[in-house]
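Undergrad: Mind looking over this structure? Questions follow.
The values are calculated or read from the model by the stated rules, or taken from the named source; none is laboratory data. Remember, predicted model here, so these are calculated numbers, not experimental data. Reconstructed Cβ throughout: ideal geometry from the backbone, glycine too, with neighbour counts over all protein chains shown. When the accessible area is computed, the model is the full protein with side chains, heavy atoms only, and any ligands, DNA or RNA have been set aside. Shrake-Rupley method; radii C 1.70, N 1.55, O 1.52, S 1.80 Å.
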Amino acid sequence: MITTTQTPTQQADAIDLMVNMGPQHPSTHGVFRLVIWVDGERIVKAEPHVGYLHRGSEKLCEGENYGQVITLFDRLDYVANLNGELGFCLAVEKLMGLEIPERAERIRVILCELNRIASHMLFYGVYGLDIGAMTPVLYGFRERERVQALFEAVTGARMMHNYIRVGGVKEDLPDDFGKRMTTLTDQLGRGIEECDALLSDNEMFLERTKGVGVIGPADAIDYGVSGPSLRASGVAEDVRVSEPYGIYDMFDFGVPIGANGDCWDRYYVRVEEMRQSLKIIDQAMRQLEPGPIMAKVRRLLRPPKGEVYARTESPRGDLGVFIVSDGTDKPYRVKVRAPSFANLQALQHMLRDAYIADAVIILGSIDIVLGEVDR
Amino acid sequence: MIGSIKGLGVTLKTALRKPVTAQYPAPDKRLEIDERYMGFPALLWDDTVAEPYCTGCMVCIRECPTQCMSAKMKDNPLHADGKSRRRKIVEEFEINLGRCIVCGICVDVCNFDAIEMSHEHELGKYARNGNRVDLPELLDMGKQFQQETGWKPTQAKNIGRVEK
Ligand code: SF4
Ligand code: SF4
């Protein structure tokens, strides 16, 4: 952290201490710069600077055909790759009016929910680390590793899967999938309880997170916050429930919401969400029947002319994909409504009047992935 | 206090179980690679006619999202002798594995079973372009992969041998 003096700006009148955090800072989970003006220990104003990880993904999409774009969507939210792929494929399917085989839908649900657990486990681990606890990260990564080992067996890759296709999925599940899943869900169930017992009620953890970084429901909605960060403020909004895509309307699961909208609520909503995801996986596994995994589509996709917007619930929130097609094999324009980017806007609000020591904790609690913020 | 004690209980329980980590570089303690694991792409060798499966048709090259491959095609001398059904055969093939993103698209689009994601994943090199591999190296990777996994062609109709 570097401290510099700066001439008073208009917004921060008579305040002359500016603290610059990042872009190279371990707790920003990427390259992200946060400029904070402080009065003593209190934060007066905070300004997030994004764009350090900008790779021009949206522009790159215009030069790739629809099959190749999926590889780019893997790399947006690199903690929840399958959810990103699903967002894009759903949009193209909506545009083409495709009917997806039942089995493919179920495989997608199972893998995406597993990815949600893996993503929240990563959050759990690094959030402990943000607060200064070393142990949770080891537990979180242990569970995430198990999920990724299964992904490797199914998709061939641990992170950049390129598995979900427009019209279905790439390959059928391996033969021993059922057996591996039983062990995995068992282990995950126990792992989640262990993680919960390790950190959630810890007095020091409660002290640091309860009542910190509060954002009310009205403000959260105004800032466009979505996903677990919004639900922590007490708004029961989940795209899987309010606007079900795929076959999510067939499952019975709860939407956990918080009461206070503080850091602890944002943390615990995610822990609870992992349990709900396990519930969905369990139901989907029981309904899994043999069948086709791919709709009838040509290898070189040429969706009809038109525009489409599809929403999915990624682990970070409401992931929207907007595609303009001009009838060729390459999209004319792709726009991603990245949940992390919108959630990050609320950071200024949460940081106002907080202690500077809590800045890292508040930033960690909204669980941004810079690959998605900067695209 | 109770919360901390609960947490302590979890860590104490952990001390009693076997470690979940593996000793990575030790050859006998590594994690097993799954059958579907996608390492870097490699070209396969057709033992029945002793030539590569690849015809140099450029389909994979056009479909590669990173444009990291290139190939050249030639007339197949074995076809002229009536030994092979492949009219054309690959003459040169190069993949810049340093640019490859291991997406598997080239394998999906190949009509001739000629390319496969091998299990090769440890390719640290000292030179900047040390991972530009040419046809013989790709075939070596492929042969090793075929040996290790007992790979069988799946698109039999396109296989090169002339049926007698
Ligand atoms: S690997 Fe397959 S697709 Fe690529 S040039 Fe060879 S035959 Fe054609
Ligand atoms: S795996 Fe993907 S990036 Fe690598 S050579 Fe094949 S198509 Fe290109």
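Undergrad: Can you tell me how many residues in segment A:170-204 are within 13 Å of chain B (Cβ to nearest Cβ) and exposed (fewer than 14 other Cβ atoms within 10 Å of the Cβ)? Write out each step before concluding.
TA: Just the residues of segment A:170-204 that are within 13 Å of chain B (Cβ to nearest Cβ), to begin with: A:170-177, A:180, A:187, A:190-204.
With exposed (fewer than 14 other Cβ atoms within 10 Å of the Cβ) added as a condition, the list becomes A:175-176, A:190, A:193, A:203.
Final tally of qualifying residues: 5.
Undergrad: Let me ask something else. Scan segment B:99-109 and give yes if some residue there is more than 12 Å from ligand 2 (Cβ to nearest atom) and open to solvent by 20 Å² or more (accessible area, probe 1.4 Å), otherwise no.
TA: Taking every residue of segment B:99-109 in turn, none turns out to be more than 12 Å from ligand 2 (Cβ to nearest atom) and open to solvent by 20 Å² or more (accessible area, probe 1.4 Å).
Undergrad: Which number in (1) assigned to a helix (DSSP H, G or I); (2) among the small types (Gly, Ala, Ser); (3) over 27 Å from A:Ala359 (Cα atoms) marks the one condition that A:Gly246 misses?
TA: Every listed condition holds for A:Gly246 apart from (1).
Undergrad: Looking at (1) touching a His at 6+ places or on another chain (Cβ under 9 Å); (2) open to solvent by 70 Å² or more (accessible area, probe 1.4 Å), which is the one condition that is false for B:Lys74?
TA: Only one criterion is unmet by B:Lys74, namely (1).
Undergrad: Which numbered condition trips up A:Glu207, out of (1) among the charged types (D, E, K, R); (2) touching a residue at least 24 places away in the same chain (Cβ under 8 Å); (3) loosely packed, with under 15 Cβ neighbours inside 10 Å?
TA: Here A:Glu207 clears every test but (2).
Undergrad: Moving to a separate point now. Suppose we keep only residues that are over 20 Å from B:Ser118 (Cα atoms), in a loop (DSSP other than H, G, I, E, B) and of a type outside the set (Asp, Glu) within segment B:51-89. Which one would you say is nearest to ligand 2 (Cβ to nearest atom)?
TA: Top of the filtered list is B:Cys57.
Undergrad: So for segment B:37-44 (the condition being more than 14 Å from chain A (Cβ to nearest Cβ), in a loop (DSSP other than H, G, I, E, B) and within 18 Å of B:Phe112 (Cα to Cα)), does at least one residue qualify?
TA: Scanning segment B:37-44, I find at least one residue that is more than 14 Å from chain A (Cβ to nearest Cβ), in a loop (DSSP other than H, G, I, E, B) and within 18 Å of B:Phe112 (Cα to Cα), so the answer is yes.
Undergrad: Checking A:Lys335 against (1) within 30 Å of A:Leu150 (Cβ to Cβ); (2) under 18 Å from the mean Cα position of the chain (by Cα), which single condition isn't satisfied?
TA: (1)
Undergrad: Let me ask you something else. Among the residues of segment B:1-36 satisfying the criterion of being of a type in the set (Asp, Glu) and more than 9 Å from chain A (Cβ to nearest Cβ), which is farthest from A:Glu207 (Cα to Cα)?
TA: Restricting attention to segment B:1-36, the residues satisfying the condition of being of a type in the set (Asp, Glu) are B:28, B:32, B:34-35.
Next, only the ones that are more than 9 Å from chain A (Cβ to nearest Cβ) stay: B:28, B:32.
Details: B:Asp28: 46, B:Glu32: 43 Å.
Of everything passing the filter in segment B:1-36, B:Asp28 is farthest from A:Glu207 (Cα to Cα).
Undergrad: Out of everything in segment B:109-127 that is touching a residue at least 60 places away in the same chain (Cβ under 8 Å) and within 16 Å of ligand 1 (Cβ to nearest atom), what residue ends up being nearest to B:Gln147 (Cα to Cα)? Before the answer, list the steps.
TA: Step one: of segment B:109-127, the residues touching a residue at least 60 places away in the same chain (Cβ under 8 Å) are B:113-121, B:123.
Still in the list and also within 16 Å of ligand 1 (Cβ to nearest atom): B:113-118.
Values: B:Asp113: 16, B:Ala114: 15, B:Ile115: 15, B:Glu116: 13, B:Met117: 14, B:Ser118: 11 Å.
The extreme case among them is B:Ser118.
Undergrad: Okay, next question. Going by what's in this entry, would A:Glu145 be described as of a type outside the set (A, V, I, L, M, F, W, C), open to solvent by 30 Å² or more (accessible area, probe 1.4 Å) and within 14 Å of chain B (Cβ to nearest Cβ)? I'd like the intermediate steps shown before the answer.
TA: Details: of a type outside the set (A, V, I, L, M, F, W, C): yes; open to solvent by 30 Å² or more (accessible area, probe 1.4 Å): yes; within 14 Å of chain B (Cβ to nearest Cβ): yes.
For A:Glu145, the condition - of a type outside the set (A, V, I, L, M, F, W, C), open to solvent by 30 Å² or more (accessible area, probe 1.4 Å) and within 14 Å of chain B (Cβ to nearest Cβ) - is met.
Undergrad: If A:Glu47 satisfies every condition in (1) at pLDDT 85 or above; (2) open to solvent by less than 20 Å² (accessible area, probe 1.4 Å) but one, which is the exception?
TA: (2)
Undergrad: Can you tell me which condition B:Glu94 does not meet? The list is (1) more than 14 Å from ligand 2 (Cβ to nearest atom); (2) open to solvent by 20 Å² or more (accessible area, probe 1.4 Å); (3) in contact (Cβ under 8 Å) with a residue 24 or more places away in the chain; (4) not in a loop (DSSP other than H, G, I, E, B), and all the others hold.
TA: Status for B:Glu94: all satisfied but (1).
Undergrad: To continue, here is another question. Inspect all residues belonging to segment A:150-167 and state whether any of them is away from every other protein chain (no Cβ under 14 Å), more than 30 Å from A:Met96 (Cα to Cα) and surrounded by fewer than 21 Cβ atoms within 10 Å (Cβ to Cβ). Steps first, please.
TA: Our first condition is that a residue be away from every other protein chain (no Cβ under 14 Å); within segment A:150-167, this holds for none.
Scanning segment A:150-167 turns up no residue that is away from every other protein chain (no Cβ under 14 Å), more than 30 Å from A:Met96 (Cα to Cα) and surrounded by fewer than 21 Cβ atoms within 10 Å (Cβ to Cβ).
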